[in-house]
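The values are calculated or read from the model by the stated rules, or taken from the named source; none is laboratory data. The shown structure was predicted, so the numbers you read here are calculated from the model rather than taken from an experiment. A quick note on method: Cβ atoms are made from the backbone with ideal geometry, for glycine too, and the neighbour counts reach across all protein chains shown. Accessible surface areas use protein heavy atoms only, side chains included; no ligands, DNA or RNA. Shrake-Rupley method; radii C 1.70, N 1.55, O 1.52, S 1.80 Å.
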Amino acid sequence: QLLDDRDKLQVLQDLRRQGIDAYPVMRAKNMLLPDAQGQLNPVLSIDGRPLLPMASIPGTTVVSCNETGQWLVYEADRHGFNNPDAVWDVRQPAIGILGDSFAHGSCVPSKDNMAALLRRRFGATVNLGVSGFGPLQELAALSEYLKPLRPPVVLWMFFEGNDLTEDLPMEIHAPLLQQYLADERFSQNLIGQRAAIADSMRRYLDRDLIAAM
């Protein structure tokens, strides 16, 4: 198979020329900007309230990364994660996964990533892994999406290379993310706002697609 040497923007442009609703992979930290005091605040809002989505635009084609010579392109589920959408129809999945790129399955064909292998062996597996996640983003994903599902097994991936040395020092400057740590009842109700999340993210990305990548 020939190596695909296109950059991400070229891949997005080619998919859009085919009429495919394609966007770059996203994560919460892509949607935080520093204020004058250095605090990181969401760039999105709904009805005047800050909004921090966790993953990519729900229900779109996502262009992720290329480390093998072929781009990982997948269909985001109804909440923007790298799952078959039908996994959300299961009342209580067998396994929930949290983590960063290893959990996400970055640059790995979707049928071969960790969640897909577990799904084939153990049944419904909800993968909330997102490349670039740190501990507070993972806690937010758990609070928003796994708590309601209550899977009997939760796999929380830790990467010593950057979780505590790079990601957490960034995350502690985001007051919204800190709320998940300070108050276990805190929620943005992301599950209930998926349509508004999709609309807000689309508007944001369509304004400046290159900068968002």
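Scan around E75 for amide H atoms under 5 Å from its own, H built in the peptide plane at 1.01 Å from N, and keep only partners 5 or more places away or cross-chain.
Sorted by chain and number, the residues that satisfy this are V62.
Ordering I20, I46, I172 by accessible area with a probe of 1.4 Å, largest first, what comes out? Intermediate results must be reported in sequence, preceding the final value.
Numbers: I20 55, I46 25, I172 85 Å².
Highest to lowest solvent-accessible surface, that is I172, I20, I46.
Considering only protein heavy atoms and a probe of 1.4 Å, how much of the accessible area of the chain is carbon and sulfur, as a whole percent? Display every interim value, and only then the final one.
On the way: 5680 of 10720 Å².
Heavy-atom surface of the chain belonging to carbon and sulfur, 1.4 Å probe: 53 percent.
Please list, in order along the stretch 88-95, the HN-Hα scalar couplings obtained from phi with the Karplus expression 6.51 cos²θ - 1.76 cosθ + 1.60 (θ = phi - 60°), rounded to whole Hz, x for Gly and Pro.
So the J values, rounded to whole Hz, are 7, 7, 7, 4, 9, x, 6, 9.
Which order do R49, R16, R91, R78 take by accessible area at a 1.4 Å probe, largest first?
On the way: R49 125, R16 90, R91 215, R78 50 Å².
Greatest to least solvent exposure: R91, R49, R16, R78.
Bin all alpha-carbon pair distances of the stretch 1-90 at 10 Å intervals from 0 and give each bin's fraction as a whole percent.
16, 35, 32, 15, 2
What spacing in nm lies between the two simple spin-label points modelled at D4 and L117, each 7 Å away from Cα in the Cβ direction?
Taking the simple label geometry, D4 and L117 are separated by 2.2 nm.
Roughly how many Å² is the accessible area per residue of the stretch 25-127, as a whole number, for a 1.4 Å probe? Kindly include the intermediate steps, with their values, before the conclusion.
Values: 4420 Å² over 103 residues.
Counting only protein heavy atoms, the per-residue value for the stretch 25-127 is 43 Å².
How much length is gained on full extension from D89 to Q37, taking 0.36 nm per residue of separation minus their Cα-Cα distance? Display every interim value, and only then the final one.
Values: separation 52, 0.36 × 52 = 18.72 nm, distance 4.29 nm.
Stretched fully, the D89-Q37 segment lengthens by 14.4 nm.
Cut-off under 12 Å on the C-alpha distance; same-chain residues fewer than 8 positions from K147 excluded. Which aspartates and glutamates are left, in chain and number order?
E184
In debye to the nearest 20, how big a dipole does the chain give about its Cα centre with +1 on each Lys and Arg Cβ and -1 on each Asp and Glu Cβ? Don't skip to the end; give the middle numbers.
Details: 20 positive and 26 negative charges, 139 e Å.
The dipole magnitude comes to about 660 debye.
So what is the relative contact order of the stretch 89-213, in percent, for Cα pairs below 8 Å that sit 6 or more residues apart?
Working: 158 pairs, mean separation 34.4, N = 125.
So the answer I get is 27 percent.
Quick one: putting +1 on the C-beta of Lys and Arg, -1 on the C-beta of Asp and Glu, what dipole do you get for the stretch 39-89 around its Cα centre, in Debye to the nearest 20? Spell out each step's value before the answer.
Working: 2 positive and 6 negative charges, 42 e Å.
So the magnitude is around 200 debye.
Give me the percent relative contact order of the chain, please, defined on Cα pairs under 8 angstrom at least 6 residues apart. Write down the numbers at each step before the final one.
Details: 376 pairs, mean separation 42.2, N = 213.
Value for the chain: 20 percent.
Rounded to the nearest 20 Debye, what is the dipole magnitude of the stretch 42-131 about its Cα centre when Lys and Arg each give +1 and Asp and Glu each give -1 at the C-beta?
Details: 7 positive and 8 negative charges, 57 e Å.
Around 280 debye, computed over the stretch 42-131.
Lys and Arg at +1, Asp and Glu at -1: add these up for the other residues within a Cβ distance under 14 Å of D167 and post the number. Please list the in-between numbers first.
Values: positive: R27, K29; negative: D100, E138, E160, D163, E166, E171.
Net local charge, D167 excluded: -4.
Using each residue's phi in the stretch 152-158, evaluate 6.51 cos²θ - 1.76 cosθ + 1.60 at θ = phi - 60° and report the 3J(HN,Hα) Karplus result to the nearest Hz, with x for Gly and Pro.
Going residue by residue, I get x, 10, 10, 9, 10, 7, 10 Hz, with x marking Gly and Pro.
Would you indicate which of [x] 30; [y] 40; [z] 36 is the value of percent of Cα pairs over 25 Å apart derived from the coordinates of this structure?
After the calculation, the listed value that fits is [z].
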